[in-house]
Every structure is written in C-alpha cells, then in structure tokens.
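Below: one structure, written as structure tokens.
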Amino acid sequence: MSSAAPVAAGAPPESAGDRPRGPRRPRRGPVALALLAVLVLVALVVGSRGTGRGVLDPTSPEPDGARAVAQVLGDLGVDVTRTTSTAATLDAVRAAGPGGAAVLVVPTAPLGTAQLEDLAASGADLLLVQPTADDLAVLAPSLRLGEDVEAASAVPPQCDLPAATAAGPATGGGALVELRDDEDPDVTLCYGLPFGGAPYAVVDAPGGAGEAAGGRVVVLGQPDVLRNEAVADEGNAALALSTLGARDALVWYLPDPLDPALSDEPLPLSALVPPGLVRAAQVLGVAALLLLLWRGRRLGRLVPERLPVVVRASEAVEGRGRLYRASGDRAHAAAVLRSACLGRLAGRLGVPPSAGAPAVVAATAAATGRPAAEVDALLRSPAPGDDEGLVRLADALDALEREVRRS
C-alpha cells in the first residue's frame with residue numbers, strides 16, 4: 001500500500017500558477033534604458049569638455065567664442081596668451097617687456113578696484129570689452145556708460161583712427177559710452193549712433209591710476225566684433241585684428257569667478273557648478289521621468305477576479321478542530337474556548353479589555369445570578385482530561401453566553 005496521501009475527489013487540477021517556476025529571466029528594458037542614459041551623459045560631458053569654454057574664449061570654436069580672431073592674430077605674429085587670474089596676467093605683461101603687450105579684459109567676472117589699479121599700473125594697453133561703470137571709473141574716468149542697444153549693422157566709423165578707417169563700416173550698438181565733459185582731446189569715439197553714445201572709444205592718456213603708466217585704454221562695447229559667428233560681417237574682422245594686434249603680445253584675460261583675489265564676497269552656488277554637470281542632471285531627470293511613466297502604476301477601473309477555491313467557514317472550523325484532536329492538546333483547545341468566551345462576555349457586559357478576567361467573572365455572576373465561584377470555575381478551572389470533558393466545557397460556555405444574552 002502506497003504511503004502517499006490520497007487525492008480528494010473533485011479536487012481541482014494543478015494549475016500552471018501552482019507549478020514550480022524556473023529561474024526568472026532578467027528584464028532587459030531597464031538595463032537598456034540605464035545604459036542609454038549613461039552613454040548620453042558621457043557624450044555630453046566629453047563634448048562640453050572639448051569645445052564649450054565660454055563666451056569670447058580664444059580657444060572656443062562655438063558661435064560665442066573667439067577662436068577665429070585668436071588664430072588669425074597668431075598667424076600674423078602676435079603672441080596670444082590666455083589667462084584667468086590677475087597675477088598670471090601681470091606676469092605675462094612683465095614677460096613681454098615695457099609697452100610690448102596689450103591686455104584684453106573679457107567680462108566673465110567683475111574685477112575689484114585693487115585688480116583694476118594693478119592692470120592700469122602695468123604699462124600695457126587695456127582693451128575693455130563691455131566695461132562696467134566701476135571699470136571706467138578707475139581706468140577711463142573721462143568716460144561714462146550710456147545706453148545698451150541692440151546690434152546695428154553697417155555703421156560707419158565717423159572718426160579718423162587708423163584701425164577704424166581701415167575697417168570701414170562695422171557692427172555697432174552694444175554697450176555705449178559717452179564723454180563726461182563736452183570735449184576731451186585725449187578721447188576718440190567711433191561708430192557712434194545718432195541718439196548719442198559710441199561702442200568704440202580710445203583714450204590715449206587716461207587719467208587716474210592709468211595715467212602714470214602711459215598705456216592707452218580702448219573700449220569695445222560691441223562683442224560681436226570678436227565673436228566667431230559675426231567676425232566675418234562688415235568690417236568686424238579688420239577692426240578686431242587692428243585693435244587687438246597693435247602690440248606684439250596680447251594677454252587674453254578671462255577673469256575666473258573662483259579667483260579669491262577678485263572679491264571678498266561669497267561666490268554664488270551657480271559659479272561652482274560645472275556646465276557639464278547641469279546637462280548631466282537634465283539628462284538623468286528626463287531618463288527618470290521616462291522610467292516612471294513606463295514602469296509606473298496605471299490606474300483604471302477595478303476588475304473583479306474569481307477566487308480559485310472557495311472555503312466555507314464551517315470547513316475551516318472543522319479543519320482546526322481536527323488538528324487539535326490529532327495533536328491531543330486539550331489544554332490548548334480549552335484555553336482557546338475560554339479566551340474567546342471571555343472576550344465575548346466582556347463585550348456584551350461592557351467590561352473594558354484591560355479590566356481582566358476577575359472583573360468579567362464578577363459582571364457575569366451579577367448578570368446571570370450564578371455564584372461567582374461557579375462562574376470562575378467554569379471560565380478559569382483546569383483543563384478537562386478527556387474529549388468528553390472538553391465537549392461538556394464547550395456546552396457549558398455556550399449555555400453561559402446564552403444566559404448573559406437573555407439577561
């Protein structure tokens with residue numbers, strides 16, 4: 001005779017969901033999406049490191065860069081040196097010798113008064129791109145800022161400076177400058193607009209700190225003259241090369257916002273974040289959003305699902321009773337019956353659960369008229385020793401509950 005348990009008649013056949021499953025295959029969708037995001041991130045970081053160095057950077061081929069002008073100046077024999085700090089700029093000027101260098105100051109970060117005075121005292125020509133009011137107050141006090149207008153093409157020079165007359169019409173507009181006094185023989189304005197102000201000015205003998213050094217100051221308020229995308233328009237290239245190539249050496253100064261010598265004020269958080277990191281965060285954000293849309297919960301109407309097996313409550317009770325009978329643990333079965341009876345009596349009589357069994361016994365005796373000792377013996381006496389005693393206990397507990405309900 002086989003020892004295997006018999007199969008109950010009418011049992012449902014084993015479904016596919018009950019069968020043991022094999023090893024789950026990894027889903028390739030999330031892995032492919034993550035790999036694609038990493039590849040795009042690496043491409044953006046490498047691309048940003050290779051080209052995007054900033055506006056008017058002599059090494060940047062971007063539309064806002066100035067690599068075209070810098071390369072042509074190098075071909076013409078001008079030694080172009082890119083610097084990012086005041087100390088490195090002054091060292092490059094000293095290396096070029098007295099009167100042999102010009103410094104092009106690009107407004108990538110505001111310069112302090114001490115840095116402006118050091119540049120003025122260096123003896124080099126100073127070429128200021130879109131200077132601020134503070135820059136003019138130290139380096140060219142005879143000038144002041146005017147209006148800031150849009151670029152205007154084909155503006156005639158309207159002056160007799162050799163660089164302007166050789167270039168002819170060029171892009172005007174931008175940051176305009178004006179004379180503080182009506183006339184100043186040391187200042188020449190070019191490419192002026194009808195309503196006043198000019199984007200190009202030359203101060204031959206600047207006052208203030210720059211006067212002792214003897215270098216001239218050139219104001220270039222229109223940066224399109226140097227940009228790669230606009231240097232070929234009109235006479236921009238000729239004007240840029242004549243202005244920047246007047247000396248044998250050109251120090252291209254792009255002040256670094258992280259230079260502690262520029263300002264004692266704390267730097268903004270945006271100045272400390274690399275541009276490639278911002279692009280990487282944008283790519284990762286888009287990838288995360290797509291992943292959420294793809295794998296997120298899709299809400300819709302509730303769909304009822306039929307249970308595979310329906311078990312009646314009576315079957316569950318009978319099955320639990322058979323387990324108690326098979327184990328022979330009458331003490332545990334009696335404790336379960338008494339505990340359930342105590343809970344029902346306490347709820348019926350309004351006794352709080354924290355009061356304990358003695359309070360339930362007293363309330364039950366008062367409600368039924370039975371002696372308290374009899375009720376206590378029924379609810380808390382030792383467990384019966386045989387099955388008949390366990391059945392009698394269950395009947396007695398049911399009778400006690402019926403009396404409480406009738407009271």
>> Return the residues of the stretch 322-377 that are of a type in the set (G, A, S), at pLDDT 85 or above and under 60 Å from the mean Cα position of the chain (by Cα); say none if nothing qualifies.
In response: S339, A340, G343, A346, G347, G350
> Residue check, A170 against (1) touching a strand residue (DSSP E or B) at 6+ places or on another chain (Cβ under 6 Å); (2) buried (at least 22 other Cβ atoms within 10 Å of the Cβ); (3) modelled with pLDDT of 90 or more, all met but one. Which one?
Replying inline: (1)
> Of the residues that make up the stretch 28-40, is at least one touching a helix residue (DSSP H, G or I) at 6+ places or on another chain (Cβ under 8 Å), assigned to a helix (DSSP H, G or I), modelled with pLDDT of 90 or more and crowded, with 16+ Cβ neighbours inside 10 Å?
Replying inline: no
> Is at least one residue of the stretch 55-67 over 38 Å from the mean Cα position of the chain (by Cα) and at pLDDT 90 or above?
Replying inline: no
>> Among the numbered criteria (1) under 43 Å from the mean Cα position of the chain (by Cα); (2) surrounded by fewer than 22 Cβ atoms within 10 Å (Cβ to Cβ), which one does L104 miss?
In response: (2)
>> Give me the residue from the stretch 166-185 that is assigned to a strand (DSSP E or B) and in contact (Cβ under 8 Å) with a residue 60 or more places away in the chain and, out of that set, nearest to G235 (Cα to Cα).
In response: A170
>> Taking the conditions exactly as written (assigned to a helix (DSSP H, G or I), in contact with a strand residue (DSSP E or B) (Cβ under 9 Å, 6 or more places away or on another chain), modelled with pLDDT under 95 and under 22 Å from A237 (Cα atoms)), does A163 satisfy them or not?
In response: yes
>> If I ask for residues that are of a type outside the set (K, R), free of Cβ contacts under 8 Å to residues at least 60 places away in the same chain and over 22 Å from D329 (Cα atoms), which ones from the stretch 377-407 would you list?
In response: A399, L400, E403, V404, S407
> Could you list, in sequence order, the residues of the stretch 165-180 that are in contact with a Leu (Cβ under 7 Å, 6 or more places away or on another chain) and farther than 20 Å from P131 by Cα?
Replying inline: A167
> Pick from the stretch 299-348 the residues that are closer than 24 Å to V404 by Cβ and basic (K, R): which of them is surrounded by the most Cβ atoms within 10 Å (Cβ to Cβ)?
Replying inline: R338
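The values are calculated or read from the model by the stated rules, or taken from the named source; none is laboratory data. The model shown is predicted, which means the values in this text are computed figures rather than measured ones. Positions of Cβ are generated from backbone atoms using ideal geometry, with glycine treated the same way; all protein chains shown enter the neighbour counts.
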